[in-house]
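Asker: Have a look at this one.
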Amino acid sequence: MMRHTFPLALAAIALGSLAGCDKKDASGSAASSTPSGPVAAVAPPAGQDWTETVTETPDGGFLMGNPNATVKLIEYGSLTCPHCAVFSKEGAPVIKEKYVKTGKISYEFRNFVRDPVDYAAAILSRCGGAGPYFKLTEQIFADQQSWYQNLEGLTDADYKRINALPPTAQLDALAKASKLDQYVQQRGISPEKASACLADKAMQDKLVKMRQVATDQFNLQGTPTFVLNGSVLPDTAEWSQLEPKLRAAVGG
């Protein structure tokens, strides 16, 4: 899957060069603060669950859990990246149950858009806001192969037709071609709302800025990439590689 190179203009998106999802060379990092001892659990507000506490961050990501957690994990992921889909299946459930629920770790997901299809998918995943964001993102990852295969039937004439559309209309056309518009409709996002989100310039700009911060601040070139308390974690694209880092961060 993911074989097509889409000859789309999307000039307003200005994504620049797009890296492969498994190209890992994110050596840049910001200053970090590592806890000096075991991190204590933090109870959520009465009647709440940290895994159901989701807010949008100033950087444009969505954060699950205790916003004041001692350990802050950020994932940069792409909805068209197969490796990210595998991590979503293997790692995300454990992060939520074992780490986020305790209040020790917050988990923020930031879209790192790689291609026009990813761009449309990212917008639709964010269209319902903070509440359904993580669940919808996990579902899109889980069904990634199915909805992406809908694009396999596009012909050269289809590509040419889509490429001739204005940038925002290209996103809408790709959402329809992949049937992601129907997918999110079945999960509570109306066709009208989906179209409005795809046409939302502020939402488009937010994704572009989020990618720019990732490349400028963290030298991020591939997905998934994880940032722990401000520092990029090298060689952690797989859950088996990341989990020991999380255990160490919370003190075992």
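The values are calculated or read from the model by the stated rules, or taken from the named source; none is laboratory data. Remember, it's a predicted structure, so these values are computed and weren't measured experimentally. Cβ sites come from the backbone with ideal geometry, for glycine too, and all protein chains shown count toward neighbours.
Asker: Looking only at region 102-123, count every residue that is of a type in the set (S, T, N, Q), surrounded by fewer than 24 Cβ atoms within 10 Å (Cβ to Cβ) and touching a Lys or Arg at 6+ places or on another chain (Cβ under 8 Å) and tell me the total.
Answerer: The total comes to 1.
Asker: So which residues in region 234-249 are surrounded by fewer than 21 Cβ atoms within 10 Å (Cβ to Cβ) and closer than 24 Å to Pro67 by Cα, if there are any at all?
Answerer: Once the filter is applied, which keeps residues that are surrounded by fewer than 21 Cβ atoms within 10 Å (Cβ to Cβ) and closer than 24 Å to Pro67 by Cα, region 234-249 yields Trp239, Glu243, Pro244, Lys245, Arg247, Ala248.
Asker: Also, I was wondering about something else. If you check every pair at least six apart or on different chains, which have Cβ atoms under 8 Å apart with a residue in region 81-102 that is over 21 Å from Val71 (Cα atoms) first and a residue that is of a type in the set (A, V, I, L, M) and not in a loop (DSSP other than H, G, I, E, B) second?
Answerer: Going by the 8 Å Cβ cut-off, the qualifying pairs are Ala85/Ala142; Lys89/Ala142.
Asker: Here is a follow-up. When you go through Arg126, Arg161 one by one, which is the residue that is of a type in the set (Lys, Arg) and over 21 Å from the mean Cα position of the chain (by Cα)?
Answerer: On the way: Arg126 fails: over 21 Å from the mean Cα position of the chain (by Cα).
When all the criteria are applied, what remains is Arg161.
Asker: For region 143-178: of the residues being surrounded by fewer than 16 Cβ atoms within 10 Å (Cβ to Cβ) and basic (Lys, Arg), which is modelled with the highest pLDDT?
Answerer: Arg161
Asker: Same structure again: Checking the structure you have, find out if any residue of region 121-137 is farther than 30 Å from Ala40 by Cβ and touching a Cys at 6+ places or on another chain (Cβ under 6 Å).
Answerer: yes
Asker: Turning to a different aspect of this structure: Out of curiosity, is Tyr133 in a helix (DSSP H, G or I), out of contact with any Gly (no Cβ under 6 Å at 6 or more places or on another chain) and closer than 23 Å to Asn229 by Cα?
Answerer: yes
Asker: In this structure, is Ser146 of a type in the set (Ser, Thr, Tyr) and free of Cβ contacts under 8 Å to residues at least 40 places away in the same chain?
Answerer: So Ser146 fits the description; yes.
Asker: Ok, one more. Out of everything in region 163-195 that is hydrophobic (A, V, I, L, M, F, W, C) and without any contact (Cβ under 8 Å) to a residue 24 or more places away in the chain, what residue ends up being farthest from Gly129 (Cα to Cα)?
Answerer: By that ranking, first place goes to Ala164.
Asker: Still on this structure, I have one more. Go through the residues of region 219-237 one by one and say whether even a single one is outside any strand (DSSP E or B) and among the aromatic types (Phe, Trp, Tyr).
Answerer: no
Asker: Next question. Would you confirm whether any residue within region 157-168 is under 24 Å from His83 (Cα atoms), out of contact with any strand residue (DSSP E or B) (no Cβ under 6 Å at 6 or more places or on another chain) and not in a loop (DSSP other than H, G, I, E, B)?
Answerer: Within region 157-168, none of the residues are under 24 Å from His83 (Cα atoms), out of contact with any strand residue (DSSP E or B) (no Cβ under 6 Å at 6 or more places or on another chain) and not in a loop (DSSP other than H, G, I, E, B).
Asker: Give the residue, chosen from Leu228, Leu242, Leu233, Leu246, that is under 16 Å from Leu73 (Cα atoms) and free of Cβ contacts under 8 Å to residues at least 24 places away in the same chain. Full working, then the answer.
Answerer: Details: Leu228 fails: free of Cβ contacts under 8 Å to residues at least 24 places away in the same chain; Leu242 fails: free of Cβ contacts under 8 Å to residues at least 24 places away in the same chain; Leu246 fails: free of Cβ contacts under 8 Å to residues at least 24 places away in the same chain.
Of Leu228, Leu242, Leu233, Leu246, the one residue that is under 16 Å from Leu73 (Cα atoms) and free of Cβ contacts under 8 Å to residues at least 24 places away in the same chain is Leu233.
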